[in-house]
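Below is one structure, written out as structure tokens, with a few remarks after it.
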Amino acid sequence: MKRNLIIACFLLSISYASSGIISGFIADSSSGEGLIGANVFLKETGQGMATDLNGYYIIQNIDPGNYTIMTSYVGFDRFEKKISLEADQSIKIDISLIELVVELSGISVTAEKLQRKNNIQPSKINLSPRMMKAAPGLAEPDLFRTIQALPGVLTTSEFSTGLVIRGGNTDQNLIMLDGITVYNPSHLGGIFSNFIVDGVKEAELIKGAYNAEYGGRLSAVLNVLSREGNKNEFKGKASLSLLSAQTTLEGPSYKGAWLLSGRRTYFDILLPKILPENITDNIPPYYFYDIQSHIFSDITSKDRLSFSFYTGIDDILFDTFGLDGRWGNRTLSAHYRRVFNERLVGNFLVANSKFFTTFGLGGPNGLINDNGIDDNTASANFSWFKSPESTVKMGAQVKRLGFEYISKFNSDTTFLIKTKPYEISTYAKLKHEVSDLFIIEPGIRLNYYDVYRNSLNPDLRLGIKYLLTEDRYLNLSFGNYHQFISTFQDDFNPSILDNWIAADESVEPGKSIQAVLGYEEYINNMYKIQIEGYYKDLKNLLTFEEKRSSTDAAVSDSTLSDILTPADGYAYGIEFFGQKMAGNLSGWVSYTFSVSRKIMNSIFEEEENEYYTNWDRTHAFSALGSYQFNKKWEMNWRYGLQSGQAFTPILGYYVQKFPESPEEVFRTIPGTRNSGRYEHYSRLDLGAVYHANIAGKKIDFFFQIINTLNRKNTFRKIYDLGSTYNGLDDDNDWEKEKHDLNGNGKPDPGETNVDEPDEGLIRERNISLFPIIPTFGFTWEF
């Protein structure tokens, strides 16, 4: 009876209203999709809030009387409605906003201030499709390429769209699509991430010290939400470029809507038709595709059921070298949202996420690596709008993970790991407005990983916001974090494809402590200035150290501690960000000073050594913007300038020869870990868009130049060994005009600079990926 009394009191507290309440959902009138971050307030009192991820709002403790409810959202006309509220009355008002490009007005500015005040999470950035499309991208807009222009965000190389955020490696970021973990969200070559922009509603990036709602990663969070679809009419959009084609279709369904987006590249089809045969013979046939879909139904005014699906595959086959690679993701989820009453909203999720890589080199008897993840997740999250000053969020999550990693050479298994751990967590956080100038958000998250059966890992979080004025704020946030899964990290040979493993009893989980202090200011409601400093302490980073003397040697797989060496690390930095938020000219510039270091006692050394991580870059500058010349033409650009990343130079080499094989393979001997630096990185991308209307259809023609200055940025340094008797110019110092004695246009034995004594020495060469790449295409709506 005592327990039932407590439950009854709780339910009474969340349903009782001492005065009036107004609540509801804000949506786009043209499509019916909910709007995140729309600002709703009462003109007479200023009471209000910004809508949450469901598009939901609630205004509480309203005295009886007559009011004007107002709603504002960037890119939409403002909404006003006269209402009359009686004592203890609760009114549900769903609002549809009309899309209309307007200048910032006093009303919308007031609403924007309301949203800024309530966002106490520092390092948080919300990206809309409109912002992503304002940046130039190769063939099409891309979420990750836009994120990489933000301060504190880097990529491991030009080859990858993987995100390195504030000194944390790519596997330390929690990346989700509609609440489902996505394990490898980028495609080969770094041109595209997995997410199709036309199918994305919003992306929320938290670069550090994130709140208790999220967990399981040491660095950052990226939460991508799918568009819901158009519940009013059928619509479509298609895009065609030199590299890819994509289509997005949407329309109404039973009490809701559906959306389907698809994309495929056609490098494998196009390049053999336009390039000479001698060139295409050396280019592996490669393609990828993505399919992304979402469907929902508002069963009642309080109940919504939705399903989300994604699948994406990369495929590369190169018979010349026996190369066979295939990898991809697949996610499937069911989501149920329930509005229990005006103050309590629940979100429930059941999902499955699969990721796999299959990589082979040298045919069926060569080197074969297979890695797979099977993630089954169930979660429940509640938002309790306790009072105008206090909001409580709480929830729980259960994950059943399946990992398999197998490596074979010459049909023999050299390495095999299979694990199926449980990961369980629960959290609670309180957002409380102490005064008009001071807001706090304490939180706690408890993590259980069944490999450590007698261990419960608590994570404590705290966020603080102090308002200096209406347009100037201080933000402080800190917390501790745990991570139980990671990818194989090799300091000497950074991997291109991720291979995931789960911690076992022989190693400790990854841990981090983060602190962020930030200052932000808004000038004339047009400009934003943000300065943030951060520090991150990292523990138990697992690093692979090669012990084998040959490729076919077995690797111990009894425990992870046999093959992985624990390391600690730290990262710190300061970021400067300036943005022009509206007008014909808009965009941002950013600069980051950062340091990312690891501390490890290698199995080959007697004491600890401290060194830079592979992804460390001391200085990074970025500029992204667009300029609207008129209603027809606009131009966009992105420029990046960064310090060179750390790498390990070599001391020498040795020759490896297999029994019964005439071939000799030389292998390099690494020097001091990450003691060298690549040349600095620089790249300018330009784009232009022409907006047309043909036969009543909107058509955009886009023109882009990637790497406009044709900068040869170093992707890798490679080493090769020539010969003094092969009749070739191995060191590339033969010149046709000076040394071609027989006039055949190629070096021959006996000619100058052919088979020189120095050609038998090892040589270092820089490999760059992207030359200048012009492209064009068009999109049309129907």
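The values are calculated or read from the model by the stated rules, or taken from the named source; none is laboratory data. Bear in mind the structure is a predicted one, so any value in this text is a computation, not a measurement. Cβ sites come from the backbone with ideal geometry, for glycine too, and all protein chains shown count toward neighbours. Surface areas here come from the heavy atoms of the whole protein model, side chains and all, with no ligands, DNA or RNA. Shrake-Rupley method; radii C 1.70, N 1.55, O 1.52, S 1.80 Å.
Principal-axis analysis of the Cα atoms of the chain puts helix 106-118 at an angle of about 70° to the longest axis. Here the extension length gained between Asn54 and Asp268 equals 72.9 nm, from 0.36 nm per residue of separation less the Cα-Cα distance. Magnitude of the charge dipole for the stretch 395-546, about its Cα centre and with charges confined to Cβ atoms of Lys, Arg (+1) and Asp, Glu (-1), is about 520 debye.
Could you tell me the calculated FRET efficiency between Thr358 and Leu460, based on Cβ-Cβ distance and R0 = 51 angstrom, to the nearest 0.05? If you can, show how the numbers build up before the last one.
Working: r = 41 Å, r/R0 = 0.80.
Approximately 0.80, to the nearest 0.05.
If only the Cβ of Lys and Arg carry +1 and only the Cβ of Asp and Glu carry -1, the dipole of the stretch 729-782 around its Cα centre is close to 380 debye. The loop-placed GluC sites (Glu not before Pro) in the stretch 578-621, going by DSSP, that have at most 16 neighbouring Cβ atoms within 10 Å of their Cβ come out as Glu605, Glu606, Glu607, Glu608.
Loop-located trypsin sites (Lys or Arg not before Pro) in the stretch 358-457 (DSSP state other than H, G, I, E, B) with a sparse environment of at most 13 neighbouring Cβ atoms within 10 Å: Arg453. Here the spin labels are modelled as points 7 Å beyond Cα on the Cα-Cβ line, and at Phe348 and Asp63 they lie 4.2 nm apart.
Summarising the label geometry, the points placed 7 Å from Cα in the beta-carbon direction at Glu679 and Ile424 lie 5.6 nm from one another.
Ordering Thr559, Thr248 by how much accessible area each has at a 1.4 Å probe, largest first, what is the list?
Numbers: Thr559 45, Thr248 5 Å².
Final ranking, largest accessible area leading: Thr559, Thr248.
For the stretch 645-782, the residue among Gly743, Leu684, Ser723 whose Cα projects farthest onto the positive side of the dipole built from Cβ charges is Leu684.
For the chain, the solvent-accessible area works out to 45 Å² per residue, with a probe of 1.4 Å and every protein chain left in place. For the pair Ser506 and Met526, label points projected 7 Å from Cα toward Cβ lie 6.3 nm apart.
Return the calculated 222 nm mean residue ellipticity for the chain, to the nearest 500 deg cm²/dmol, obtained by summing -39500 (n - 2.57) across DSSP H runs with n ≥ 4 and dividing by the residue count. Let's see the in-between values first.
Details: 7 runs with 53 residues, N = 782.
Estimated from H runs of four or more residues: -2000 deg cm²/dmol.
Within the shell defined by Cβ-Cβ distances under 14 Å, the residues around Gly578 carry a net charge of -2, with Lys and Arg each +1 and Asp and Glu each -1.
Only sites in a loop by DSSP and with at most 10 other Cβ atoms within 10 Å count here; which trypsin sites (Lys or Arg not before Pro) in the stretch 285-354 make the cut?
none
In a simple Cβ point-charge model (Lys, Arg +1; Asp, Glu -1; nothing else charged), the chain has a dipole of about 3500 debye relative to its Cα centre. Less than 13 Å from a label point 7 Å out along the Cα-to-Cβ axis of Ile98: which backbone N atoms in the stretch 53-80 qualify, by residue? Within reach of a label on Ile98: 76-80. Summing +1 for each Lys or Arg and -1 for each Asp or Glu among the other residues whose beta-carbon sits under 10 angstrom from that of Glu764 gives +2. The equivalent ellipsoid that matches the C-alpha gyration tensor of the stretch 156-253 spans semi-axes of 28, 20, 8 angstrom, in descending order.
Solvent-accessible area assigned to carbon and sulfur over the chain amounts to 58 percent, based on a 1.4 Å probe. Once the Kirkwood radius over Cα pairs is known for the chain, the Stokes-Einstein relation at 37 °C and 0.692 mPa s delivers a diffusion coefficient of 115 µm²/s.
Our summary of shape: the Cα atoms of the stretch 430-501 have principal axis extents of 50, 35, 15 Å, ordered from largest down, in whole angstrom. Taking each residue as 0.36 nm, the span from Ala87 to Thr752 lengthens on full extension beyond its C-alpha to C-alpha distance by 229.5 nm.
Shape descriptor for the stretch 348-420: Rg over Rh equals 1.35 (Cα atoms; Rh from the Kirkwood inverse mean 1/r).
Evaluate 2.2 N^0.38 Å with N set to the residue count of the stretch 288-350, then give the Cα radius of gyration divided by it. Mind showing how you got there, number by number?
On the way: Rg = 19.3 Å, N = 63, 2.2 N^0.38 = 10.6 Å.
For the stretch 288-350, the normalised Cα radius of gyration is 1.82.
Once you sort the root eigenvalues of the Cα gyration tensor of the stretch 598-741 as a ≥ b ≥ c, which label holds: rounded (a/c under 1.5), prolate (a/b larger than b/c) or oblate (the other case)?
Working: a/c = 2.97, a/b = 1.65, b/c = 1.80.
Verdict is oblate for the stretch 598-741.
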